[in-house]
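Asks: The structure follows.
Read-outs: derived from the displayed coordinates by stated rules, not from any lab. Model, not experiment: these values are computed from the prediction. Virtual Cβ from ideal backbone geometry, glycine too; neighbours counted across all protein chains shown.
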Amino acid sequence: MNTSQSQALFQKTYDYVRETSLLESTLALLEWDEQTGIPAHAAEFRANQVAFLSGLIHQRATNCDYGAWLSELANSELAHPSDSPVAASIRGLKRDFDKSVQLPLDLVTRTARAVTVGQQIWSLAKPKNDYAAFLPILKEIVALRREEATILSKNHACKYDSLLDQYEEHAKSDEIAVVFTELREQLVPLVQRLTNSKSGPDGKSIAGIFDVAQQQELSKWVATQIGFDFDRGRLDETVHPFCTTLGPHDHRILTRYFEDSFSSGLYGTLHEAGHGLYEQGLPTEWFGMPAGYAASLGVHESQSRLWENMVGRSREFWQWCLPHAQQRFPQLKNVSVDQIFADLNRVEPSLIRIEADEATYNLHILLRFELEKELIDGNLTCEELPSAWGDRYESYLGIRPKDDREGVMQDVHWAAGLIGYFPTYTLGNIFAAQLMAAAETELGDIPAMVANGDFAPLLNWLRQHVHSFGSCLKPTDLMEKATQSKLSSKPLMAYLTRKLVPLYG
Ligand SMILES: [Zn+2]
């Protein structure tokens, strides 16, 4: 192909993929609607809509003519330089295509069925604490994911890596394990030191009843202040907070409010707004193409954790925010910045991941990463899982679940087939601390800016060093370029120690 032929072929491919993205974003809209209050009797028709659209998307994604265009493009001069948006899009689309045709349809169908059944059984077995009822389907799901890993793993030394790769492209579990182990070896004693301390925050300043309408207003106002663009997005309520993109200028964030937990709604908003800011900062002209996607789940999570924790749980954030919160909640009138800051940063080993504080959270993730890798590698059976889970909690957090409901059955991930997903949460925390350190080196005193409610310099730095790249670079290359360093747990440990140790005398 000469240059003009390859450009014409790229244009044809671009148009085709953008058309597929119309279907995908419509599907996302239906899913958003499902999570924000679909009438009970509408569920069945909605399932038909979703199944029909998913089928159309699958047909388009596996169309052999489309696959042939991608092969031609991958061998054309447009595939270089490799980090240009055009080349990155060709590479990303070819990768997705190869993966979707590599897996036998029979395996895809069996897995889709198993994870649907798995989630149904899990939701019934969990409240009854009935692991025996969940075990057969969990075994089937693990076996199916291992089968998939075996097919995909011809490009990976380790089976687990081919699953991890679906969420964190090119990540290697042995490299991650080195950094995670380093983190664990320092986190376990830090958590012990904090929890053994005689003094520390008691959570009283944030206890009580907080008017939900006021919480909604404060959350929306804070999201606006940090830079979330409400002309290109919305904030709504749901059971499990999330963020979704329905178009290049349509980003939806969802949180939930509790009268008796003022922090849930606000931090749910800050977390999801962090994801939303990333989505709003991606290049819109590449919407639907890899150059317009987020780099990985870990990088995505770094954005949410950075705004939620590193900004939102800082003393300087409360210097700025407390007067605004006091206007809405009279019970905060006599609360000081130091008190609310300390109470929002309490460290307490607990059994439930989603309720964990910033320090112990990573220990919940590390043990899940270790266990799921052992399951896929065949070094652990599903029968042995509950006791391995308990042992690991005891050694990392010093507590043991009394039953499987608060133990191995607490998360939906494995029931939903999501194996290889957990490590992206802690990668997000590690990346966030590395990014913050790099941003401070360049911008100077970020805490002082936060104390003034001036969030724009930090957001612009993230736009420039992370968001604008889409997925043109591999996640590790993107992070190394932005932070000028390799993956390291040091900035995260330094941040946690600096912030938490003084709170515990
Ligand atoms: Zn998140």
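Asks: Among Gly420, Ala28, Ile253, which residue has its Cα positioned farthest towards the positive end of the charge dipole of the chain, with +1 placed on the Cβ of Lys and Arg, -1 on the Cβ of Asp and Glu, and the dipole taken about the Cα centre?
Replies: Gly420
Asks: To continue, here is another question. With both bridge residues required to lie in the chain, what share of the DSSP beta bridges run antiparallel, to the nearest 5%?
Replies: In the chain, approximately 55 percent of DSSP beta bridges are antiparallel ones.
Asks: What is the local net charge at Ala439, summed over the other residues whose Cβ is closer than 12 Å to its Cβ (Lys, Arg +1; Asp, Glu -1)?
Replies: Residues close to Ala439 contribute a combined charge of -2.
Asks: Would you please state which residues of segment 243-258 a label at Arg46 would reach in this model, taking the label point 7 Å out along Cα→Cβ and a backbone N cut-off of under 20 Å?
Replies: Output list for this probe position: 243-247, 251-257.
Asks: Below 19 Å, Cα to Cα, which aspartates and glutamates can Lys198 reach? Residues fewer than 8 away in the same chain don't count.
Replies: Candidates past the 8-residue exclusion: Asp338, Asp343, Glu348, Asp357.
Asks: Mind checking the dipole of the chain: about its Cα centre, +1 per Lys or Arg Cβ, -1 per Asp or Glu Cβ, Debye to the nearest 20?
Replies: For the chain, the charge dipole is close to 420 debye.
Asks: Still on this structure, I have one more. So which lysines pass the test for Lys172, namely a Cα distance under 30 Å, with those fewer than 8 places away in the same chain ruled out?
Replies: Result set, ordered by chain and number: Lys94, Lys99, Lys139, Lys154, Lys159, Lys373, Lys474, Lys481, Lys486, Lys490.
Asks: Starting from the Cα of His80, step 7 Å along the direction of its Cβ; do the same at Gln119; then give the gap between the two resulting points in nm.
Replies: Spacing of the two 7 Å Cα→Cβ label points: 4.5 nm.
Asks: Take the Cα atoms of the chain, find their three principal axes, and give me the spread along each one in whole Å, biggest first.
Replies: 71, 51, 50
Asks: While we're here: Cα centroid distance between segment 229-276 and segment 349-373, in Å?
Replies: Computed from Cα coordinates, the inter-centre distance equals 23 Å.
Asks: Angle check, please: helix 456-465 long axis (alpha carbons) against the longest principal axis of the chain (alpha carbons), in degrees 0 to 90, nearest 10.
Replies: Value to nearest ten degrees: 30.
Asks: Still on this structure, please answer the following. So what is Rg over Rh here for segment 88-220, counting just Cα atoms and using Kirkwood for Rh?
Replies: 1.13
Asks: Tally Lys/Arg at +1 and Asp/Glu at -1 over every other residue whose Cβ is under 15 Å from the Cβ of Lys154; what's the total?
Replies: Net charge in that neighbourhood comes out at -1.
Asks: Using all alpha carbons of segment 1-102, what is the percent of pairwise distances in each 10 Å bin, ordered from the shortest bin to the longest?
Replies: 14, 38, 25, 15, 7, 1
Asks: Stretched out fully, how many nm does the piece from Glu442 to Asp65 gain, at 0.36 nm a residue minus the Cα gap?
Replies: 130.9 nm
Asks: Let me ask something else about it. Hey, can you rank 284-292, 84-92, 178-186 by average C-beta count inside 10 Å, highest first?
Replies: Peptide ranking by packing, descending: 84-92, 284-292, 178-186.
Asks: Projecting each Cα onto the charge dipole of the chain (Lys/Arg +1, Asp/Glu -1 at the beta carbon, about the Cα centre), which of Leu187, Ile446, Ser387 comes out farthest on the positive side?
Replies: Toward the positive end, the furthest listed residue is Leu187.
Asks: Which length gain, in nm to one decimal place, applies between Leu22 and Arg234 when the Cα-Cα distance is subtracted from 0.36 nm times their residue separation?
Replies: Value of the extension gain: 74.4 nm.
Asks: Return Cys472, Cys158 ranked ascending by Cβ neighbour count within 10 Å, so the fewest neighbours appear first.
Replies: Taking fewest neighbouring Cβ atoms as first place, the list is Cys158, Cys472.
Asks: May I pose another question? What percent do you get for the relative contact order of the chain when only Cα pairs under 8 Å and 6+ apart count?
Replies: Relative contact order, the chain: 20 percent.
Asks: How would Asp338, Asp231 line up from fewest to most surrounding beta-carbon atoms within 10 angstrom?
Replies: Going from least to most buried by this count: Asp231, Asp338.
Asks: State the Cα centre-to-centre distance between segment 291-347 and segment 68-83 in whole Å.
Replies: First find each Cα centre; the distance between them is then 44 Å.
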